[in-house]
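The values are calculated or read from the model by the stated rules, or taken from the named source; none is laboratory data. Remember, it's a predicted structure, so these values are computed and weren't measured experimentally. We place every Cβ from the backbone using ideal geometry, glycine too, and count neighbours over all the protein chains shown. Areas reflect the complete protein model, heavy atoms only, side chains present, ligands, DNA and RNA absent. Shrake-Rupley method; radii C 1.70, N 1.55, O 1.52, S 1.80 Å.
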Amino acid sequence: MILALDYITEIVYDNRNMNRFAAAAVKVIRMLAPAVDGDFDLLGVPAIRVAILRREFPGVLRLCALAVFVALAVLAWGVFAPSGVNAKLFAKTHPSTLLIWGVWWPAMVWVAVLFGRLWCMVCPLELVSAAGGRAGEAIGLPRRPLPGWIASGAVIVGLYALIQLLVAGAHINRVPAYTSLFLIGLLTTAMFAGAFFRDRAFCRGFCPVGLLLGTYGRGGMLAVRPGPRAVPADARTCPSLLNPPKLDSNKDCLVCCKCVQACEPGHMRLLLRAPFSQRDGRQADAPWPVTLFVMLVSGFVTWELTTEWPAAEGIFLTVPVFIAAKLGWPWAAGWLEGVWALVVVPLSMWTALAAVLRLLGARESVGGLWRKMAVPLAVVVSVGHMSKGLAKFVSWAPFLPEALRDPAKAIASKAVASPPALLSLSTVGLAGLGLLLAAACYAVREIRLADKDAHPWAPLPVIVLSGAFALIILGWILQ
Ligand code: SF4
Ligand code: SF4
């Protein structure tokens, strides 16, 4: 809404032949804008302030989430679909696969886009990592600072790609036993990273969703920021090695509120604000790990969107399916599809977009253009991810009551009836189209805010990718 107001205001002001109607519209816009655009400090709400200032915050929340993680890992341990049961349907009936892949994963994408790294506030992995750190100190392990190349996010890109490859090739999202191993793997890595490295090393260098949360959550509406009063140096008590008095981005802030607890009231704020605040810092050129992450996820999300429209998925997967058939390796089809979606498609798509931009006069190298495209395209990709997440959630969530009421029965059943989805695919598609339109506007605005001298054709990749996503989502509605 703010974006629309900004645009209308600018268009009207730019127009020298502004008529009386437009002048009136400007007045209304100017009256409304401050009310809508204002930041709201949640610490001004007594109940929230009291809760956040308690020493137990956010540890208690993380402990509860850890109990759920462990329970789901135990429940899924060694469980495979009974023979004759469709693996995908079985995954929807098992509480662990259902809650992890059908609820938590899509919800994390939505929460990240809307509220930044809010999930990090309750994440159990940080708790386990901190416990690993204390255990390491207790037994005298020499805990080192995280090497720069790991802190840059290079390992995270690899781990995220590995998880998506395992989803494509081994279907870890459909097999409870593999989901259990996935959870145990996360908890174990968090503990060892904490034991061997200092300063929230797992979050900064190993958490597989760290880049997703930091990239998707950049424009999130929840943010820890310094207050208007001068913030003293004692606020520099950030376990993530950030500088809270100068914080101007959601990218690395885990919203743990330790800086809020460490200083006087009014020095740090927990803001609820409009998306993509103009006051945030911006980089025109994304770092390489972020660029590679957005590239990879753009291909993966394109594939995910086509899965709701079988004809489109058939076209998308033509090449890897053909190769698997030619080689006579049906077992490799899923892995080839993963490599196709995560590597070949994004590389081809981004190279083609960069080549067109160069033909249109951009002077940067192909790599330089990829870095410029990454942040605006992340806005579009994140909304594509949200749309697919919603489609998944509305079809998986109806299984939840039965799965929670009597998991043993659901697990043993070979003839699980599919309850109707919470929303029709057409409704989800319409919501997705609306989100895409908003995302495309925000992405174009991000280009301009990050670089006032951006190339006139810089929005082209945003338009192409939003158009491609919109076409696929339109297929959901019309098929
Ligand atoms: S960065 Fe990852 S491990 Fe750390 S709090 Fe966030 S989600 Fe949890
Ligand atoms: S800046 Fe504050 S809220 Fe953010 S991670 Fe550091 S201590 Fe936590």
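Miscellaneous remarks
- Restriction of the trypsin sites (Lys or Arg not before Pro) in the range 275-334 to DSSP coil positions whose beta-carbon has at most 13 other beta-carbons within 10 angstrom yields R279.
- Tensor-based shape of the range 123-256 (alpha-carbon gyration tensor, a/c under 1.5 rounded, otherwise prolate or oblate): oblate
- Cross-link pairs exceeding 26 Å in C-alpha to C-alpha distance, out of K246/K372; K246/K452; K258/K388; K88/K388; K372/K392, comprise K258/K388; K372/K392.
- Probe 1.4 Å, accessible area per residue of the chain, Å²: 46
- Anisotropy class of the range 143-186 from Cα gyration tensor, a/c 1.5 cut: oblate
- Average 1/r across all pairs of distinct alpha carbons in the range 46-216, invert it, and you get the Kirkwood radius: 17.1 Å.
- For the range 204-209, backbone phi angles converted through the Karplus equation (6.51, -1.76, 1.60; θ = phi - 60°) give residue-by-residue couplings of 7, x, 10, 4, x, 9 Hz, Gly and Pro being listed as x.
- Shape category assigned to the range 253-400 from the gyration tensor of Cα positions, a/c cut at 1.5: oblate
- DSSP-assigned coil residues among trypsin sites (Lys or Arg not before Pro) in the range 38-146, each with at most 12 further Cβ atoms within 10 Å: R54, R55
- Put simply, the amide H of F197, placed in the peptide plane, has neighbours under 5 Å in R144, leaving out anything fewer than 5 places away on its chain.
- Square roots of 5 times each gyration tensor eigenvalue, C-alpha, the chain, largest first, Å: 35, 32, 23
- Helix-only arithmetic for the chain: the sum of -39500 (n - 2.57) across DSSP H runs with n ≥ 4, divided by the residue total, places the mean residue ellipticity at 222 nm at -19500 deg cm²/dmol.
- Positive-end residue of H171, F90, G136, charge dipole of the chain with Cβ unit charges: G136
- Within the accessible area of the chain (1.4 Å probe), percent carbon and sulfur: 69
- Pairwise Cα inverse-distance average, inverted: Kirkwood Rh of the range 288-478 (Å): 18.4
- Relative contact order for the chain: 18 percent, from Cα pairs under 8 Å spaced at least 6 residues apart, divided by residue count.
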